[in-house]
Amino acid sequence: MKKLLLLIVLCTFAFSFQADAQLKVKKFGVSIGNDWDMLPGLSTDMLLRKTNITTAQDVQPLLNSANSYQSSGFCENRNFRLSLVLEPQRWKNVELHTSGVFIFDRRDGVHFYDYSDNTSSNLNFTLHGSEIDAEAVLLKRVPVFGFLDRQFLNLYGGIGSNIGYQFGNYMSLSSYTSTRPDRDRTNWETEYANTYDNINDGISTRVFAQAGLGITFFRRVELGFEFRYGAGLRHYFGTDTDFTNLHSTAFNLKYVLGNRLSKAERQLKRIERAERARCTWGELKRCDGW
């Protein structure tokens with residue numbers, strides 16, 4: 001239900017903005033990519049603040065060990081976008097990209113180790129969750145290559161923002177501990193443990209700069225690549241708020257809608273293209289009317 005309501009709000013916003021700003025629908029498409037929505041200072045302390053107090057107390061003795069250390073952190077945010085591209089009539093080569101964004105099984109986590117002569121322990125803290133966003137990006141399109149009145153390669157650059165709702169959040173703590181009861185013996189005894197704690201829902205928002213390119217095939221299909229860099233906030237209800245640093249890459253596929261022409265206009269366009277196609281390179285300027 002929450003997903004449906006957000007999609008309805010997104011579509012209502014897009015069409016109302018179109019009416020007020022004299023926009024027309026230019027493209028629609030999908031994209032898939034990966035976000036590195038990193039939590040600066042990601043650590044076990046940051047993650048444990050979001051769990052219940054019992055879990056934090058159970059693992060705290062290991063974290064306080066003199067031989068324990070954090071080895072690495074990671075952030076994985078696979079995402080999928082459904083986009084509607086609007087074109088302002090008064091601004092040349094400007095596009096407004098409105099999207100519904102779906103992030104599946106986001107994972108932020110750290111690996112923690114503790115080692116001594118007779119004990120070796122490994123802890124993995126991972127914060128899981130999903131998210132649905134409403135997004136708007138204002139982009140300037142710069143044609144860089146074309147032929148016969150057709151633009152094949154375009155560069156894009158601009159700014160954007162999104163706001164989202166986080167749900168299905170939980171913390172997983174997996175560990176294994178190997179002990180050697182007798183130092184003179186090489187046999188190790190290993191114990192495994194897994195704990196899962198539910199985390200409150202939350203909200204998030206980001207602002208970013210975006211750059212990319214698009215290659216058009218058959219006048220209607222655009223294949224593109226985009227890169228984003230920005231910052232944001234992530235808040236879980238009842239706990240704290242964290243800043244995030246955003247690095248994002250994605251591939252997109254869009255269908256370009258064309259203007260409907262009359263039969264006579266389409267025939268005239270075909271005649272013009274056929275005439276231009278007969279031009280040799282030396283006659284190109286003459287054929288173009290230069």
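The values are calculated or read from the model by the stated rules, or taken from the named source; none is laboratory data. Computed from a predicted model, the values in this text were never measured in an experiment.
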> Are there any helices (runs of 4 or more DSSP H) wholly within segment 1-107 with 1 or more residues that are at pLDDT below 55 and over 24 Å from the mean Cα position of the chain (by Cα), and if so which?
Replying inline: 2-21
>> Yes or no: segment 112-132 includes at least one residue that is within 26 Å of Ala211 (Cα to Cα) and not small (Gly, Ala, Ser).
In response: yes
